[in-house]
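Notes for the one structure printed next.
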Amino acid sequence: MNSGSAVVLGVGATAGLGAALARRFAREGMRVIVSGRTPERLEAVATAIRRSGGAAETLVADATREADVIALFDRAAAGGDLELVVYNVGNNAMAPLLQTDADLFESLWRQNAFGGFLAGRESIRRMLPQQKGTLIFTGATASLRARPPFTAFAAAKAALRALAQGLAREFGPSGIHVAHVVIDGVIRGDFARSRFPDFFDSKGEDGLLEPDAIADVYWALHRQTKSAWTHELDLRPFKEPF
């Protein structure tokens, strides 16, 4: 069992990746802080974890606000060693380039990239004295290639990937494991079900990524030994073309 702390930024519905990650880390004995912008959703996730015997706390925070992120990590570090952080924040929008205004482009960048910078910086500030810790960023197919009408989203996700690469190269030698996970497909959760119901239903059995299965992979990344670290991996259903 683990006695350290884990932070999951970007926790929404109980049927989502953020919640699945929080449950997985709590099951391993970690004190988990679930963070997002909706108090009711955070409390639902934390309550379910506590009922299962885990330790979970909530902290409402906007990952694009520096003061919120600093306060989040101050609280996490106050409870013991900060061992594991996942930046799972992100938003997507379908918008052809000429229909993409400056506010939308900047909003996608702030949620997907700037927030990742803030979380990464504050994580590493607290992990460096320990000379250990794991920092994982959730990426997407768009992290690797841009296709309309998701050009703005791809620009933001590619920036997050570059951030992860830079942090890994700078702080890996100090014992901090930085990883980037490319989610190449649709996650079975409330987000996709509500936004793309027909597409969601069309994928059929095993055609969507299961949140709990993804969470297992994130935990495996955290448990890797220093002699064989993975920086980047991609996950997709076996049906998904690539």
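Could you go through the stretch 133-147 and let me know if any residue there is farther than 21 Å from Leu84 by Cα and open to solvent by less than 20 Å² (accessible area, probe 1.4 Å).
Among the residues of the stretch 133-147, at least one is farther than 21 Å from Leu84 by Cα and open to solvent by less than 20 Å² (accessible area, probe 1.4 Å), which makes the answer yes.
Scan (1) small (Gly, Ala, Ser); (2) part of a helix (DSSP H, G or I); (3) surrounded by fewer than 18 Cβ atoms within 10 Å (Cβ to Cβ) for the single condition Gly53 breaks and write down its number.
Of (1) small (Gly, Ala, Ser); (2) part of a helix (DSSP H, G or I); (3) surrounded by fewer than 18 Cβ atoms within 10 Å (Cβ to Cβ), only one is false for Gly53: (2).
Which members of the stretch 196-242 meet the condition of being charged (D, E, K, R) and open to solvent by 80 Å² or more (accessible area, probe 1.4 Å)?
Asp198, Asp201, Glu205, Asp206, Asp212, Arg223, Lys226, Lys239
Exactly one condition in (1) farther than 16 Å from Gly36 by Cα; (2) assigned to a helix (DSSP H, G or I); (3) not small (Gly, Ala, Ser) is not met by Asn112; state its number.
The failed condition is (1).
Answer yes or no as to whether Ala77 is closer than 19 Å to Ala26 by Cα, touching a helix residue (DSSP H, G or I) at 6+ places or on another chain (Cβ under 6 Å) and part of a helix (DSSP H, G or I).
yes
Could you check the stretch 85-99 and list, in sequence order, the residues that are crowded, with 18+ Cβ neighbours inside 10 Å and not hydrophobic (A, V, I, L, M, F, W, C)?
Tyr87, Asn88, Gly90, Asn92
Being among the basic types (Lys, Arg) and either farther than 19 Å from Val69 by Cβ or touching a Gly at 6+ places or on another chain (Cβ under 7 Å) (or both) is the filter here; which residues of the stretch 10-43 pass it?
Within the stretch 10-43, Arg23, Arg24, Arg27, Arg31, Arg41 qualify.
Check the stretch 170-193 and report whether any residue there is over 25 Å from Ala13 (Cβ atoms), out of contact with any Asp or Glu (no Cβ under 8 Å at 6 or more places or on another chain), open to solvent by 50 Å² or more (accessible area, probe 1.4 Å) and not hydroxyl-bearing (Ser, Thr, Tyr).
yes
Look at Val69 and say whether it is open to solvent by less than 10 Å² (accessible area, probe 1.4 Å), among the β-branched types (Val, Ile, Thr) and not in a helix (DSSP H, G or I). Step through it out loud before you land on a result.
Working: open to solvent by less than 10 Å² (accessible area, probe 1.4 Å): yes; among the β-branched types (Val, Ile, Thr): yes; not in a helix (DSSP H, G or I): no.
In short, no.
The values are calculated or read from the model by the stated rules, or taken from the named source; none is laboratory data. Only a predicted model underlies this, so the values are computations on that prediction, with no experimental measurement involved. Don't worry about glycine lacking a Cβ; one is built from the backbone with ideal geometry, like all the others, and counts go over all protein chains shown. Calculation scope for accessible area: heavy atoms of the full protein, side chains included, ligands and nucleic acids excluded. Shrake-Rupley method; radii C 1.70, N 1.55, O 1.52, S 1.80 Å.
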